[in-house]
Amino acid sequence: MPIPIYHVDAFTNRVFHGNPAGVCPLDRWLDDAAMQAIAAENNLSETAFFVRRGSDYDLRWFTPVTEVDLCGHATLASAHVLFTRLDRAATSVTFHTKSGPLVVTRDGDRLVMDFPSRPPAPCPVPAGLVDGLGATPRETLRRATCSRCSTTRTRSDASPRTSRRSNTSTRSGSSSRARGRDVDFVSRFFAPRKGVPEDPVTGSAHCTLVPFWAGRLGRTRLTARQLSTRGGEIACELAGDRVRLAGHAVTFMEGSLEA
C-alpha cells in the first residue's frame, strides 16, 4: 500500500530554508532495509518514521546511509506533521526513541523539544580533523558518550574538504562553533561518514553546544544560528540535565510513495 510522506523544512518558517526532513507515518514498522532504502532515495539529512504506541509514538531516524540515535530537525518535522495534519487538537506529543522519551510541545507558532543534555569534555585533536577542516582549531571537545567532536573555529565562508573529512577519526560527526554577533553562538556541522557532508541545521548537536555555551556565558537561555547555506535558528534553554530547543517548521510537500 502507498506510504504517506511529508517533506518538512525544520528550524525555519520559510520553505527552502532550515533543514529539510522526510517524515513517513506508518501503521506498522517496515523492515530496516526498506526504511534505509527510502531514506537513501529521499537523500535528505534524515528521514523519520513513526508508529503509534497508545497515545504516544515510536520514532526512528535514518540518514541516506545509516540509522542514527538522535535527530533534532526530523523530530521537529515529525511533530509538525502530527500537529498540522494528523492530530490538530494535540498540544504535545511524546516520541519513544533510542535516546529515550522526547517530548515536543506547542508554544504559540513554535514547537519546543525536550532533549537530553550531552555536555562536552576536552579531547585531543582527532586524526585528520585539521586537514579536513582546512584550519587548525583553537580547542577540541568531545561528547562523553560518543565521538562527536566540536571545535572553536567557525567561519561561514569556510570550505571543509568533505572527502578528507570522512577520514577523520570521529565516528558520528564534527561541529564547529563560535560566538555570534546578533545571536549567542553560531555553528556548522559535518557528518560525511553518516552520509551528510554538511547538515543545514542540527538539533542534536545543540544538546552539546547548549551546555557548553551556557557555562561560558553564564546564562541558561540562548539563541543559536547554524551557518549553512540554508541556515536556521534555534532558541535554546538548558534545564538541568535536559536541553529545550525551540523552532518553527513548514511543510514543503506531501504525497505518497511505493515501497
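The values are calculated or read from the model by the stated rules, or taken from the named source; none is laboratory data. Only a predicted model underlies this, so the values are computations on that prediction, with no experimental measurement involved. Neighbour counts run over all protein chains shown; Cβ positions are idealised from the backbone, glycine included.
Values as computed for the structure displayed
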| item | result |
| --- | --- |
| Extreme residue, nearest to PRO25 (Cα to Cα), among residues of the stretch 40-58 that are polar (S, T, N, Q) and surrounded by 14 or more Cβ atoms within 10 Å (Cβ to Cβ) | THR47 |
| Members of the stretch 1-22 found to be among the β-branched types (Val, Ile, Thr) and in contact with a His (Cβ under 8 Å, 6 or more places away or on another chain), listed by number | VAL8, THR12 |
| In the stretch 190-205, the residues that are of a type in the set (A, V, I, L, M, F, W, C) and farther than 13 Å from ALA224 by Cα | PHE190, ALA191, VAL196 |
| Selection count, the stretch 213-259, where residues are exposed (fewer than 13 other Cβ atoms within 10 Å of the Cβ), under 29 Å from GLU41 (Cβ atoms) and of a type in the set (D, E, K, R) | 1 |
| Any hit, the stretch 171-185, residues being in contact with a strand residue (DSSP E or B) (Cβ under 8 Å, 6 or more places away or on another chain), surrounded by 17 or more Cβ atoms within 10 Å (Cβ to Cβ) and at pLDDT 90 or above | yes |
| Matching option when the condition is of a type outside the set (A, V, I, L, M, F, W, C) and over 14 Å from the mean Cα position of the chain (by Cα), among ASP56, ASP69, ASP9 | ASP56 |
| In the stretch 83-108, residue farthest from TYR6 (Cα to Cα) [restricted to those that are among the hydrophobic types (A, V, I, L, M, F, W, C) and touching a Pro at 6+ places or on another chain (Cβ under 8 Å)] | PHE95 |
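Here is a yes/no grid of residues against (1) part of a helix (DSSP H, G or I); (2) more than 19 Å from LEU245 (Cβ to Cβ); (3) not acidic (Asp, Glu):
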site: HIS7; (1), (2), (3): no, yes, yes
site: ARG28; (1), (2), (3): no, yes, yes
site: ALA37; (1), (2), (3): yes, yes, yes
site: ASP58; (1), (2), (3): no, yes, no
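Conditions tested, residue by residue: (1) of a type outside the set (D, E, K, R); (2) outside any loop (DSSP other than H, G, I, E, B); (3) modelled with pLDDT of 95 or more.
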position	(1), (2), (3)
ARG85	no, yes, yes
ALA89	yes, no, yes
PHE95	yes, yes, yes
THR145	yes, no, no
